1. Length gain on complete extension for the stretch Asp79 to Asp20, per 0.36 nm per residue less the alpha carbon to alpha carbon distance?
2. Filter the GluC sites (Glu not before Pro) in the range 63-147 down to the DSSP loop ones having no more than 14 other Cβ atoms within 10 Å, then list what survives.
3. Based on DSSP loop calls and a cut-off of at most 15 other Cβ atoms within 10 Å, the longest stretch of the chain free of exposed trypsin sites (Lys or Arg not before Pro) is what?
4. If you average the sequence gap of Cα pairs under 8 Å that are 6 or more apart and divide by the length of the chain, what percent do you get for the contact order?
5. With a ≥ b ≥ c taken as the square roots of the eigenvalues of the C-alpha gyration tensor of the range 107-155, please select rounded if a/c is under 1.5 and otherwise prolate if a/b is larger than b/c or oblate if it is not?
6. Select one label from (1) 16.9; (2) 18.2; (3) 25.8: the one whose number is Kirkwood radius over Cα pairs in Å as derived from the coordinates shown.
7. Can you tell me how much longer the chain between Glu37 and Lys130 gets when fully stretched, taken as 0.36 nm per residue apart minus their C-alpha distance, in nm with one decimal?
8. Does the range 1-82 come out rounded, prolate or oblate, given a ≥ b ≥ c as the square roots of the eigenvalues of its C-alpha gyration tensor, rounded meaning a/c under 1.5 and, failing that, prolate meaning a/b above b/c?
Amino acid sequence: MSEKDRIEEMDELKDALTQDEAAQEASQEESQEQENEQTAELSREEELEKELEREKDKFLRLFAEFENFKRRTSKERMDLFKTAGQEVMVSLLPVMDDFERALKELGKSSEKELFKGVELIYNKFKDTLKAKGLEDIKAEEGDAFDAEIHDAITQIPAPNKKLKGKIIDVVEKGYRLGDKIIRHPKVVVGN
């Protein structure tokens, strides 16, 4: 083999090596690109998972907020139904007081039939209001005074020691509508 043939062979080997190196580099570049694509796909997948978690969190918060809103409006509606007639009831209380005063005065007179007629009307009126949720607040002479319930209009010296700090007289009856006091009983307290 001549020198020229060897040089050509070496050039061919060199070219083959260069081509192999180029092929390897291309293969490495391809695998690097594939890795990058996989990493991009993974990061895209991770991004989507994070976004899904954020959306789930938003949904859960919105759902909880809506449930609280429903509960609050339902409670407000129930309270409104319970005290819907409060204004009407409060305006009818003086009529109830007048009936009681009229019955007291008619009881003193000799006209028993008139007394019975007014008493029937009073009882019907009282039963109707009771059916709508109106209740008397019990306050009688000798009961303990409770500032939460009773409205003390004055204090007088107690006639005996047992009535000290207790109710001596009820000036005006108190009423409750459902759980709410719409008029406190006005009382005189002994000191």
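1. On the way: separation 59, 0.36 × 59 = 21.24 nm, distance 8.68 nm.
Once the chain is fully extended between Asp79 and Asp20, it gains 12.6 nm.
2. Values: sites: Glu65, Glu67, Glu76, Glu87, Glu100, Glu105, Glu111, Glu113, Glu119, Glu135, Glu140, Glu141; in loops: Glu111, Glu140, Glu141.
Filter output for the range 63-147: Glu111, Glu140, Glu141.
3. Values: sites that count: Lys132, Lys138.
Longest gap between qualifying sites, sites excluded: 1-131.
4. Numbers: 154 pairs, mean separation 29.7, N = 191.
Normalised by residue count, the contact order of the chain is 16 percent.
5. Working: a/c = 4.00, a/b = 1.63, b/c = 2.45.
The shape class here is oblate.
6. Looking at Kirkwood radius over Cα pairs in Å for this model, the match is (3).
7. Numbers: separation 93, 0.36 × 93 = 33.48 nm, distance 7.90 nm.
Stretched out fully, the Glu37 to Lys130 stretch lengthens by 25.6 nm.
8. Details: a/c = 20.35, a/b = 19.29, b/c = 1.06.
Note, shape of the range 1-82 comes out prolate.
Every number here is computed from the coordinates shown, using simple stated rules; none is lab data. Keep in mind it's a predicted model, so treat the numbers as computed, not measured. Don't worry about glycine lacking a Cβ; one is built from the backbone with ideal geometry, like all the others, and counts go over all protein chains shown.
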